[in-house]
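Asks: I have a structure I would like to understand better, so I am pasting it below and will then ask my questions one at a time.
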Amino acid sequence: MIKSKLRSRVLKIRKKNITKNFEINPYRIFNFLKTQNYNLKNLGGYYPTNYEIDDLNILEFFEKKNYNILLPIIKKNNQMEFFKWKKNDPLKINKYGIPEPISSKLYYPDILLVPLVGYDNDLNRLGYGGGFYDRYIEKIEKIKKVIKIGLAFSFQKTSSIPIDQYDKRLDFIVTEKEILR
């Protein structure tokens with residue numbers, strides 16, 4: 001219950017503040033990854049909805065740097081898989097109203113951009129409550145190492161996020177003001 005109240009409060013704040021035109025500079029993320037000596041080429045993103053940080057400019061920037069851009073497709077039982085997508089490729093709308101790639105080429109991201117509702121200084125993420133990303137991270141980490149980067153507005157930060165055994169901690173959180181690690 002605590003999570004749902006916190007989620008509701010932060011979503012209201014996010015909707016109210018969206019008019020302030022916050023943006024994350026893709027070059028900051030690119031440079032940060034380079035300074036960490038990450039030489040990875042498969043970037044998993046998301047199609048922004050519900051006032052999330054718009055990562056499409058980030059995805060376009062990385063595509064120009066010859067990264068494979070991947071977007072999720074929701075499967076049965078609230079599972080996700082990531083598929084290759086390019087900026088001008090067509091998309092289809094899923095049952096949640098979110099655009100998804102049509103591609104059938106499955107990829108595993110090296111870097112995963114994760115939308116979030118709220119976050120704290122310990123790199124804990126509050127999502128929408130469906131567990132899609134937590135389940136995906138659990139699955140992919142059994143296959144390979146993935147760098148998990150949460151994207152958020154700085155005003156989505158809270159003093160602490162209540163977590164349980166299913167919640168997956170992020171490696172970094174990037175806002176328009178800072179990179180938390």
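Asks: Criterion first (in a loop (DSSP other than H, G, I, E, B), open to solvent by less than 60 Å² (accessible area, probe 1.4 Å) and touching a residue at least 40 places away in the same chain (Cβ under 8 Å)) does P109 satisfy it?
Replies: The answer is yes for P109.
Asks: Any residue in the range 138-159 that is among the small types (G, A, S), at pLDDT below 95 and in contact with a Leu (Cβ under 9 Å, 6 or more places away or on another chain)?
Replies: yes
Asks: Select from the range 59-103 the residues that are out of contact with any Gly (no Cβ under 9 Å at 6 or more places or on another chain), in a strand (DSSP E or B) and of a type outside the set (S, T, N, Q) and list them in ascending order.
Replies: Once the filter is applied, which keeps residues that are out of contact with any Gly (no Cβ under 9 Å at 6 or more places or on another chain), in a strand (DSSP E or B) and of a type outside the set (S, T, N, Q), the range 59-103 yields I73, I74, M80, E81, F83, K84, L91, K92, I93, P99, E100, P101.
Asks: May I ask you to list the residues in the range 128-167 that are farther than 20 Å from K5 by Cα, within 14 Å of the chain's Cα centre (by Cα) and charged (D, E, K, R)?
Replies: R135, K148
Asks: Next question, about the same structure. Considering I140, I147, I98, I173, which residue is more than 20 Å from N17 (Cβ to Cβ), open to solvent by less than 10 Å² (accessible area, probe 1.4 Å) and in contact (Cβ under 8 Å) with a residue 40 or more places away in the chain?
Replies: Numbers: I140 fails: in contact (Cβ under 8 Å) with a residue 40 or more places away in the chain; I98 fails: open to solvent by less than 10 Å² (accessible area, probe 1.4 Å); I173 fails: more than 20 Å from N17 (Cβ to Cβ).
None of the others qualify; the one that does is I147.
The values are calculated or read from the model by the stated rules, or taken from the named source; none is laboratory data. Remember, it's a predicted structure, so these values are computed and weren't measured experimentally. Virtual Cβ from ideal backbone geometry, glycine too; neighbours counted across all protein chains shown. Side chains included, ligands, DNA and RNA excluded: accessible areas come from the protein's heavy atoms. Shrake-Rupley method; radii C 1.70, N 1.55, O 1.52, S 1.80 Å.
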